[in-house]
Amino acid sequence: MSVVVTALVTSLSILTAILTVTAWAIWFERKFVARMQSRLGPTMVGPSGLLQPLADLVKLLQKEDIVPEAADRRLFDLAPKLAALCALGAAAVVPFSASIVGAKIDLGVLYLLAIGAVTVLPVFMAGWASNNKFALLGGMRALAQSLSYEVPLVLSAMVPVILGGSMDVSKIVESQIATQWFIIGPVWLGLPAFCLFMLAMLAESNRIPFDIPEAESELVSGVTTEYTGMKFALFYLGEYVHTFVASAAASALFLGGWDGPFAPGMHWMVLKTFALFGFVYWVRWSLLRFRSDQLMRICWYWLVPVSVALLLGAGAWVVL
Amino acid sequence: MIGDALAWILGAAVVISGVFVVASRDLVHAVLWLALALLCTAGLYAYLDAPFLAGVQVLTYVGGVATLMVFGVMVTRRHAAAAAEAGNDSNVVGAVVALGVFAVLAIAILKTDLPTSTAPTPDTAELGRTLLDDYLLAFEAVSLLLLAAVVGAVVIARRRDVEARTQDDATLLPTMRTGAD
């Protein structure tokens, strides 16, 4: 029984932590971007606008829930919930320290990739159920993009798996502590694999420069066009949580997880995750988006061949 | 105990979603029910101590096959036309055939004395070693077969693509009809 209680407490605290962090990550992003654009960002609610996320939450809760008349009602309602669920579900296997991990399963990496693969279905459901041409086009783009970038994502995630000799994320971190971080061990293998993983991850979570599914200039806002209030908020939340969990996964797989030059512990993992998270937003507000065809070309002409080469390289490195 | 109950729930979910796959009128709904059925099957694999199979099932079937089917529906059907009549004239014949297959399988399974192994299930590392060691030839043959299938699909798609390029372009955007047409 105590096992169940421990698991419950751990997962609840991880869940709460992630949701809280996400709320203030949005505040951070707005401040960060405002500085980049010589603005101030939120300043009114609380000191430096720190309470803005709470105010936003209250605002979103009050908004009218509008459902288009011709929408597929059940799918329309289900999609945002599933989207948030998939994003949060992936957090289960990310180890924040040697002991703080939601579920210690042998096939953590496979689980992460499998959840990532399912995440696109709710996005498509939203696009289809809205019965709106912009939403449908957004859904189609999201599907095509996710299907393509799945390949380099899986292949590049296999590099640390091969180097670490396990699919358990905790064990991969431990083997990095025992030898060296996989991003530099060896660097010709780790660094490109890390970059590929981050790129494919950005594409999977529909982030700039890969955000054509919700390209505002052409598709209003893609699949979320028809969504209002809390349903929209769930999609928004799912997107942020996805980026956050993926950053955490990248830190664990390539950057040594909770290992650090001194005093190893959870703070290192949190620091690395935030650094990657911040990087994603830096990229988001600096770059333009690719066109649909450029996106596919990059994936199939460049990323896939390179990731196959890296996979072979990793195998050779381990054998030799 | 909890695991057994979960297995029954998963099994029931597979059957129920399977029924909805054939009974839904909306093609997209049918595909989504299929995705649920495949997901629950993965759950059953996990219950049966085959976590690798479960993970791969989700990755390829739910993430790959179901997504591709949805994509196919989306690029070929108009929104309204997605709701098609689920049944047709062969309903009765189909039911008889399905029941017959079910009966044959059920009898075969019940009559077979299935070995209940108590040996620990091999872990994933062992699975990989067996595949690339003992069964290397078969493994490579299967990948060659898949490659041939992919190349064949591209060849067929290409030929039709060149013949009916304009028509394909028109069907690519199913709901982009405006007041002009």
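The values are calculated or read from the model by the stated rules, or taken from the named source; none is laboratory data. Keep in mind that this is a model prediction, so the values were computed, not measured. Note: ideal-geometry Cβ built from the backbone for every residue, glycine included; neighbour counts use all protein chains shown. These area figures cover heavy atoms from the full protein model, side chains too; ligands, DNA and RNA do not enter into them. Shrake-Rupley method; radii C 1.70, N 1.55, O 1.52, S 1.80 Å.
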For B:Val97 the rounded accessible area (nearest 10 Å², probe 1.4 Å, non-protein molecules ignored) is 90 Å²
Of A:Lys104, A:Lys272, ordered by accessible area with the largest first and a 1.4 Å probe, the sequence is A:Lys104, A:Lys272
Restricting to Cα pairs under 8 Å and 6 or more apart, the percent relative contact order of segment A:2-319 works out to 23 percent
Measure of exposure for B:Arg25: accessible area at 1.4 Å probe, Å² rounded to 10, is 140 Å²
For the pair B:Leu145 and A:Val9, the simple spin-label estimate (label points 7 Å beyond Cα toward Cβ) gives in nm 5.3 nm
Expressed per residue, the solvent accessible area of segment A:2-319 in Å² (1.4 Å probe) is about 44 Å²
Counting only protein heavy atoms and leaving out ligands, DNA and RNA, the solvent-accessible surface of A:Met158 at a 1.4 Å probe, in Å² to the nearest 10, equals 40 Å²
With every protein chain kept in place and a 1.4 Å probe, the residues B:Tyr45, B:Tyr135, A:Tyr227 fall, from largest accessible area down, as B:Tyr135, B:Tyr45, A:Tyr227
A student applying the Cα gyration tensor rule (rounded when a/c is under 1.5; otherwise prolate if a/b is larger than b/c, oblate if not) would label segment A:69-134 prolate
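Filter the cross-link list A:Lys231/A:Lys272; A:Lys171/A:Lys272; A:Lys59/A:Lys81 down to pairs whose alpha-carbon distance in this structure exceeds 21 Å.
Table pairs above 21 Å Cα-Cα are A:Lys231/A:Lys272.
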Under the 7 Å Cα-to-Cβ spin-label approximation, A:Lys59 and A:Leu271 lie apart by a distance in nanometres of 3.5 nm
Put A:Leu51, A:Leu295, B:Leu32, B:Leu147 in order of accessible area, largest first, probe 1.4 Å, and you get B:Leu147, A:Leu51, B:Leu32, A:Leu295
Taking a crude spin-label model, label points 7 Å out from Cα along the C-beta direction, the A:Ile66 to B:Thr130 distance in nm is 5.8 nm
With a ≥ b ≥ c from the Cα gyration tensor eigenvalues, square-rooted, and the rule rounded for a/c under 1.5, otherwise prolate when a/b > b/c and oblate otherwise, segment A:212-306 is oblate
A student applying the Cα gyration tensor rule (rounded when a/c is under 1.5; otherwise prolate if a/b is larger than b/c, oblate if not) would label the protein assembly as shown rounded
For segment A:1-146, the accessible surface attributable to carbon and sulfur atoms (probe 1.4 angstrom, ligands and nucleic acids excluded) amounts in percent to 69 percent
For chain A, the longest principal axis of the Cα atoms and the Cα long axis of helix A:73-89 enclose an angle in degrees, to the nearest 10, of 30 degrees
Most fluctuating of A:Trp128, A:Trp181, A:Trp302 in the GNM of chain A (C-alpha, under 10 Å) is A:Trp302
On complex formation of A with B, accessible surface lost, both sides summed, probe 1.4 Å, nearest 100 Å², amounts to 2400 Å²
Scalar couplings 3J(HN,Hα) for segment A:163-179 by Karplus 6.51 cos²θ - 1.76 cosθ + 1.60 (θ = phi - 60°), nearest whole Hz, x for Gly and Pro, are 5, x, x, 7, 9, 7, 4, 4, 5, 4, 4, 4, 6, 6, 5, 5, 10
